[in-house]
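A short worksheet on the structure shown next.
The values are calculated or read from the model by the stated rules, or taken from the named source; none is laboratory data. A quick note: this is a predicted structure, and the numbers were derived from the prediction, not measured. All Cβ positions, even for glycine, are placed from backbone atoms using ideal geometry, and neighbour counts span all protein chains on display.
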Amino acid sequence: MELNDFNNQPQRPIQPQPQPQAPTPPPVPPTPPVTPLAAPMQPVEQPMQSQMPTPTKKKSNTKLYVIIGVIIVVIAVAVAAYFVFFNKPAVKPASTGKNETSQTASTTNTNNATVSSIASVLTNNASGESSTVNTNDSSLASDVSSAVSSVGSSVDETTLK
Amino acid sequence: MKQLLSKIVATIALGSALIIYTVSPVFAVTSTSSSTSAMCVHVATLQSTKEAAMDVRITTMQSNFAARLAKIASDEAAIDAKVAADRANAAQQFESKIQTLESKTGLTDSQKQAIVSFSTSMQQAEKTREAAVDSARATYRSALSSTVTTHQQTLTSAVSTYKAAVESAFTTASTSCISEPSTTMSALQAAVKTAHDTLNSAITTAAIKTEIQQLAATRDAAVTAANNSFISSAKAFTATLTAALGSTNP
């Protein structure tokens with residue numbers, strides 16, 4: 001507000017606008033001098049602030065600039081901190097939204113793996129059972145004739161002399 | 001007097017001649033009997049030692065047969081225990097995983113029902129598989145027992161035949177050693193060789209190795225078929241449940 005007033009110094013002549021409000025008492029022309037007295041009262045105060053910029057006024061503006069600068073810096077720091085510490089949430093949603101089909105397929109694959117894992121408990125046991133039932137087959141199929149041959153060798157004709 | 005003296009001398013000479021004639025054959029017979037007796041003693045000794053050894057071997061063979069049958073029974077019991085334990089363990093793990101899946105949040109009613117259907121179908125297919133496998137194993141075992149028992153009976157019979165032939169050969173030798181001692185041993189050896197060859201032929205003919213392998217191959221084929229059928233069904237059940245779960249993330 002104050003800055004705008006400062007820049008609008010040349011607009012001071014517009015202040016006499018209240019004059020048209022005066023015509024209310026048209027029958028008495030001599031009275032107008034009363035109204036002009038009220039009008040000049042306002043311009044007198046404004047020049048006191050604008051046309052005479054004291055050193056105190058300059059300090060006030062400088063402080064204003066400093067405050068604005070500080071605010072800008074704080075905002076900049078805040079924005080920077082936001083991107084630094086909250087950068088992931090800002091990126092992830094963009095990625096998720098970009099490849100939703102891929103995510104769905106991935107979930108489906110995960111489900112398939114989960115269900116397959118459950119089924120494999122029984123299918124793996126079935127495969128293992130095939131080996132279990134074969135245990136010692138080789139020994140069963142081995143020839144037991146050795147014991148019989150031993151009987152035959154007990155009376156060998158080559159030893160009869 | 002001279003005539004009397006001549007008669008006495010003649011009588012003595014005749015008596016001596018008679019004595020010599022009589023004694024001489026006795027010496028000859030005694031020499032032949034000694035040779036015959038030695039052969040018979042040798043045959044008797046062989047018969048005693050060899051038949052004793054044969055009896056020991058036959059006893060060992062019978063123990064071997066019994067041990068073989070016992071080992072088959074022991075192996076089958078061990079296999080049964082392992083199969084039962086593995087099946088129980090697999091069933092427990094399966095049930096646990098099903099419960100874990102069912103406990104996931106976000107499942108719809110239809111998805112929960114799909115899980116139940118999957119579990120039921122898998123368990124039913126597993127029972128079918130187990131029944132087929134058990135049937136194949138039972139068939140194999142029955143045939144194996146029959147084959148081994150028959151084999152042992154065949155071999156026992158062959159051994160009995162061999163033993164009888166050997167004993168007969170020794171009996172013949174114990175007789176021939178008196179009348180024909182020079183050919184006794186060769187005849188005994190020939191008879192024993194014949195018995196031995198007959199026994200070896202019986203052993204070769206009765207070999208059951210190939211037969212047992214064929215029984216095992218038949219069993220394995222049945223087990224493989226049952227397992228493949230189960231695995232195929234499991235894949236179908238898996239696909240159905242996966243489709244039911246869809247893109248949800250249970």
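Restricting attention to the range B:172-196, the residues that are polar (S, T, N, Q) and under 23 Å from B:M61 (Cβ atoms) total 1.
Taking the range B:74-109 as the range and being aliphatic (A, V, I, L, M) and exposed (fewer than 12 other Cβ atoms within 10 Å of the Cβ) as the test, the residues that pass are B:A77, B:A81, B:A84, B:A85, B:A88. Residues that are over 15 Å from the mean Cα position of the chain (by Cα), surrounded by 15 or more Cβ atoms within 10 Å (Cβ to Cβ) and more than 7 Å from chain A (Cβ to nearest Cβ) within the range B:199-218 comprise just one, B:L215. Given the structure, is B:V192 facing another protein chain (nearest Cβ under 9 Å), among the β-branched types (V, I, T) and either touching a residue at least 12 places away in the same chain (Cβ under 8 Å) or farther than 30 Å from A:E157 by Cα (or both)? Yes. Of all residues in the range B:218-238, those that are among the basic types (K, R) have Cβ atoms under 6 Å from Cβ atoms of residues that are in a helix (DSSP H, G or I), 6 or more apart or on another chain, in B:R219/B:A136; B:R219/B:Y140.
Evaluation of A:L160 against the conditions (1) modelled with pLDDT under 70; (2) buried (at least 20 other Cβ atoms within 10 Å of the Cβ) shows that the sole unmet condition is (1). Against the numbered list (1) more than 7 Å from every other protein chain (Cβ to nearest Cβ); (2) more than 30 Å from A:D156 (Cα to Cα); (3) of a type outside the set (F, W, Y), B:R87 comes up short only at (1).
Here the range A:111-144 is the region considered, the condition is being buried (at least 21 other Cβ atoms within 10 Å of the Cβ) and over 60 Å from the mean Cα position of the chain (by Cα), and the residue that is modelled with the highest pLDDT is A:V133. Answer yes if at least one residue in the range B:171-184 is facing chain A (nearest Cβ under 8 Å), part of a helix (DSSP H, G or I) and either in contact (Cβ under 8 Å) with a residue 40 or more places away in the chain or more than 30 Å from B:A143 (Cβ to Cβ) (or both), and no otherwise. No, there is no match, as no residue in the range B:171-184 is facing chain A (nearest Cβ under 8 Å), part of a helix (DSSP H, G or I) and either in contact (Cβ under 8 Å) with a residue 40 or more places away in the chain or more than 30 Å from B:A143 (Cβ to Cβ) (or both). Checking each residue of the range B:140-148 against the condition of being of a type in the set (A, V, I, L, M), within 30 Å of B:M61 (Cα to Cα) and touching a Lys or Arg at 6+ places or on another chain (Cβ under 8 Å) gives at least one match. Do we have any residue at all in the range B:110-118 that's hydroxyl-bearing (S, T, Y) and not in a helix (DSSP H, G or I)? Looking for residues that are hydroxyl-bearing (S, T, Y) and not in a helix (DSSP H, G or I), one finds none in the range B:110-118, hence no. List the pairs whose first member sits in the range B:35-60 and is away from every other protein chain (no Cβ under 11 Å), whose second member is at pLDDT 90 or above, and whose Cβ atoms are under 7 Å apart, counting only residues at least 6 apart or on separate chains? These pairs meet every condition: B:T36/B:C177; B:T36/B:I178; B:M39/B:C177; B:M39/B:T184; B:C40/B:S174; B:C40/B:C177; B:C40/B:I178; B:A44/B:S174.
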